[in-house]
Amino acid sequence: MKDRFGREHTYLRISVIDRCNLRCHYCMPLHAKFFDPKEVLSFDEIVTVVQVATELGIRSVRITGGEPLVRPNLPELIYRLKTECALEEISCTTNGMLLERFAKDLKDAGLDRINVSVDTLRPDRFRKITRFGSLETVLHGLRRAVAVGLTPLKINAVILKGFNDDEIEDLLKLTLTENVTVRFLELMPIGEALSLNGLGGYLNLTKVRLWLTERYGLVPAEEKGHGPARYWKVPGAPGRVGFITPISDKYCATCSRLRLTANGEIRPCLAYDVHVNLRDAIRRRDREAIAAGIMKALAIKPAGHHWDAGQITQTVMSSLGG
Ligand code: SAM
Ligand code: SF4
């Protein structure tokens with residue numbers, strides 16, 4: 001499935017719920033407005049969309065949100081995607097708060113890999129940036145995920161200048177002893193991230209990579225994944241480090257992803273409000289109309305963002321399926 005710029009699309013991010021048990025300052029307002037539950041796609045409906053999408057060329061999906069583990073019976077959806085859709089891989093991005101409870105069920109249902117968001121290794125900072133999170137709870141979840149074989153684990157850390165940039169080396173050091181991939185994310189100028197009120201701001205992570213390369217001798221590393229991260233490692237270390245640098249080292253030219261929101265929209269680009277609403281077609285189980293909608297979303301996919309030139313995106317990240 002190619003868009004008008006010749007980019008092949010094989011990867012679908014599926015937001016299974018826009019709600020979340022946390023309120024990270026850069027992602028969600030404290031009093032967020034959520035979709036009417038009646039608008040949220042059922043598992044049957046999600047499976048139908050994924051079946052059509054795989055016929056068009058989608059090979060892998062990532063389950064996200066909001067917080068995907070807040071969606072009741074998520075392992076059932078994983079199992080259905082695994083057994084009823086022709087997918088090569090199913091992964092999930094979670095904040096980890098409910099991971100200890102669900103890791104085994106998710107693995108047993110067929111989940112291949114998991115990414116957990118951990119911006120800081122300091123409990124007080126973790127609480128501050130997530131508003132309600134507990135680092136200890138998330139670390140228990142991480143251990144459980146490794147124990148049940150959801151490996152190699154990826155950790156996502158949004159780096160904010162003046163908030164957690166002094167922890168970059170501590171996070172990198174996790175890769176020296178564990179078979180883990182630590183990914184540093186640049187802050188994207190979307191919704192809540194535009195007004196962080198003193199909680200830090202954008203940091204150029206390409207510069208950080210160059211600095212880490214000087215200090216630790218980072219060398220390129222192989223890593224399975226469909227996303228935009230570029231991977232490196234400290235020579236001899238079991239783990240890897242990734243950099244997601246949408247602003248300092250733009251990767252739009254190789255973007256291979258589409259997004260399905262929890263209320264049935266296909267969104268081809270995170271940076272713009274362009275979308276195709278498929279909900280009626282999905283509710284009618286009209287596979288032809290769903291396929292046509294996916295192709296239309298592809299046809300209107302922009303070439304790329306202009307965040308590097310000051311563009312901002314006025315929407316709530318969690319409703320897009322981050
Ligand atoms: N709740 C899950 C979680 O936190 O991992 C999944 C959804 S969350 C929207 C997906 C990812 O987007 C997280 O790693 C989060 O840190 C990241 N994210 C949210 N807002 C962001 C922003 N403005 N810039 C960069 N990353 C952001
Ligand atoms: Fe929730 Fe994830 Fe957004 Fe944090 S980043 S508020 S955990 S959806």
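Among all cysteines in the chain, which have no other cysteine Cβ under 4.7 Å from their own Cβ?
Cys20, Cys85, Cys92, Cys252, Cys255, Cys269
Mind listing which chymotrypsin sites (Phe, Trp or Tyr not before Pro) in region 1-60 are in a DSSP loop and have 13 or fewer other Cβ atoms within 10 Å? Intermediate values should be presented prior to the final figure.
Values: sites: Phe5, Tyr11, Tyr26, Phe34, Phe35, Phe43; in loops: Phe5, Tyr26, Phe34, Phe35.
Those that pass, being in a loop and sparsely packed, are Phe5.
Leaving ligands, DNA and RNA out of it, report the carbon-plus-sulfur percent of the accessible area of region 111-223 at a 1.4 Å probe. Intermediate values should be presented prior to the final figure.
Details: 2530 of 4960 Å².
Carbon and sulfur together cover 51 percent of it.
Under 11 Å from a label point 7 Å along Cα→Cβ of Thr254: give me every residue in region 43-68 with its amide N that close.
Nothing falls inside the zone, counting backbone N under 11 Å.
To the nearest 20 debye, what charge dipole does the chain have about its Cα centre, counting +1 at the Cβ of each Lys and Arg and -1 at the Cβ of each Asp and Glu?
Numbers: 46 positive and 38 negative charges, 14 e Å.
Here the chain has a charge dipole of around 60 debye.
Dipole of region 120-178 (Lys/Arg Cβ +1, Asp/Glu Cβ -1, origin at the Cα centre): which of Ile155, Leu171, Ala145 lies farthest to the positive side?
With unit charges placed on the Cβ atoms, the residue in question is Ala145.
As a test, work out the antiparallel percent of DSSP beta bridges whose residues both lie in region 11-319, rounded to the nearest 5. Before the final figure, lay out the partial values.
On the way: 10 of 43 bridges.
DSSP beta bridges in region 11-319 are roughly 25 percent antiparallel.
What full-extension length gain, to one decimal in nm, is calculated for Glu84 and Ser134 as 0.36 nm per residue of separation minus the Cα-Cα distance?
Working: separation 50, 0.36 × 50 = 18.00 nm, distance 3.58 nm.
The Glu84-Ser134 span can extend by a further 14.4 nm.
Please state the shape class of region 41-164: rounded when a/c is under 1.5, otherwise prolate if a/b exceeds b/c and oblate if not, all from the C-alpha gyration tensor. If you can, show how the numbers build up before the last one.
Working: a/c = 2.22, a/b = 1.88, b/c = 1.18.
Prolate is the answer for region 41-164, as a/c is 1.5 or above and a/b outweighs b/c.
May I ask you to derive the relative contact order of region 11-319, considering only C-alpha pairs under 8 Å and at least 6 residues apart, and to give it as an integer percent? Before the final figure, lay out the partial values.
Working: 620 pairs, mean separation 63.0, N = 309.
Computed value for region 11-319: 20 percent relative contact order.
Between the DSSP loop rule and a limit of at most 11 other Cβ atoms within 10 Å, which trypsin sites (Lys or Arg not before Pro) in region 1-93 are left?
Passing both the DSSP loop test and the Cβ count: Arg4, Lys33.
So what's the net charge close to Val61: Lys and Arg +1, Asp and Glu -1, counting the other residues with Cβ under 11 Å from its Cβ? Spell out each step's value before the answer.
Values: positive: Arg13, Arg59, Arg62, Lys82, Arg257, Arg259; negative: Glu88, Glu89, Asp112.
So the environment of Val61 carries a net charge of +3.
Using only the Cα atoms of region 189-303, what semi-axes does the equivalent ellipsoid have when each is the square root of 5 times a gyration tensor eigenvalue? Give whole Å, largest first.
Numbers: eigenvalues 257, 71, 28 Å².
Ellipsoid half-lengths, sorted descending, are 36, 19, 12 Å.
Would you please put 63-72, 280-289 in order of how densely packed they are, using the mean number of other Cβ atoms within 10 angstrom per residue and starting with the highest?
On the way: 63-72: 22.8, 280-289: 14.7.
Those peptides, ordered most packed to least, come out 63-72, 280-289.
Within region 93-137, which residues have the backbone N less than 11 Å from the label spot 7 Å out from Ala147 along Cα→beta-carbon, could you tell me?
Counting only backbone N, you get 100-101, 103-104.
State, in angstrom, two size descriptors of the chain derived from its alpha carbons: Rg to one decimal place and Dmax to the nearest whole number.
Calculated on Cα positions, Rg and Dmax stand at 18.7, 57 Å.
The values are calculated or read from the model by the stated rules, or taken from the named source; none is laboratory data. Owing to the predicted nature of the structure, the values given are computational and were not obtained by experimental measurement. Backbone-built Cβ (ideal geometry, glycine too); neighbour counts: all protein chains shown. When the accessible area is computed, the model is the full protein with side chains, heavy atoms only, and any ligands, DNA or RNA have been set aside. Shrake-Rupley method; radii C 1.70, N 1.55, O 1.52, S 1.80 Å.
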